[in-house]
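For reference, the structure discussed in these notes is given below.
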Amino acid sequence: MVQQTLTIKQGDSATLTETITGIDSLSGFTAKMYIKTSAGVEVDTITGGITDLNITYEIVNNDSKLYPIENHYFETKIFDGNDIVATSSEGLFVVEKALVNDPS
């Protein structure tokens, strides 16, 4: 499992990619990223797209506009069809205030 800190500006889009090691294939797996406040309240759940051993999580601005500005926690999990679960990464998920919300 990888420990890391992810940072995003409120209202921004972001693409996060992680590479899974220790298994030969993610065929039949699903992947999710869970973001929660320090009190355990759900901020967002993102389903990852899987290609080979890479998982891509897309955060869209319509969702991140609603993320509270503060430090949250996240974890990513992979699931197979037999209910086997593994946490592949976890850590701090920081949402910062954007200096400009709408540049138009």
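The values are calculated or read from the model by the stated rules, or taken from the named source; none is laboratory data. What you see is a predicted model; the values in this text were computed from it and never measured. In this analysis, Cβ positions are derived from the backbone assuming ideal geometry, glycine residues included, and neighbour counts consider all displayed protein chains.
Report whether or not Ile23 is touching a strand residue (DSSP E or B) at 6+ places or on another chain (Cβ under 6 Å) and either within 16 Å of Thr7 (Cβ to Cβ) or at pLDDT below 90 (or both).
So Ile23 does not fit the description; no.
Being among the polar types (S, T, N, Q), within 11 Å of Lys9 (Cα to Cα) and assigned to a strand (DSSP E or B) is the filter here; which residues of the range 86-104 pass it?
Hits for the range 86-104: nothing passes.
Could you please give the count of residues in the range 64-84 that are under 23 Å from Val2 (Cβ atoms) and surrounded by 11 or more Cβ atoms within 10 Å (Cβ to Cβ)?
Adding up the residues that qualify gives 13.
Residues in the range 43-53 that are in a strand (DSSP E or B) and either surrounded by 14 or more Cβ atoms within 10 Å (Cβ to Cβ) or not polar (S, T, N, Q) (or both): how many?
Count: 5.
I'd like to verify a number: residues in the range 5-42 that are loosely packed, with under 14 Cβ neighbours inside 10 Å, of a type outside the set (A, V, I, L, M) and over 17 Å from Ile84 (Cα atoms), how many?
Adding up the residues that qualify gives 9.
Would you point out which residue out of Gly11, Gly28, Gly48, Gly91 is at positive phi, small (Gly, Ala, Ser) and under 11 Å from the mean Cα position of the chain (by Cα)?
Gly91
Please go through the range 14-42 and give me each residue that is under 14 Å from Glu75 (Cα atoms), part of a loop (DSSP other than H, G, I, E, B) and without any contact (Cβ under 8 Å) to a residue 12 or more places away in the chain, ordered by number.
Of everything in the range 14-42, those that are under 14 Å from Glu75 (Cα atoms), part of a loop (DSSP other than H, G, I, E, B) and without any contact (Cβ under 8 Å) to a residue 12 or more places away in the chain turn out to be Gly40, Val41.
Residue check: is Tyr67 part of a loop (DSSP other than H, G, I, E, B) and either on the phi > 0 side of the Ramachandran plot or not small (Gly, Ala, Ser) (or both)?
yes
What tally of residues in the range 55-85 results from selecting those that are more than 20 Å from Lys9 (Cβ to Cβ) and out of contact with any Asp or Glu (no Cβ under 7 Å at 6 or more places or on another chain)?
9
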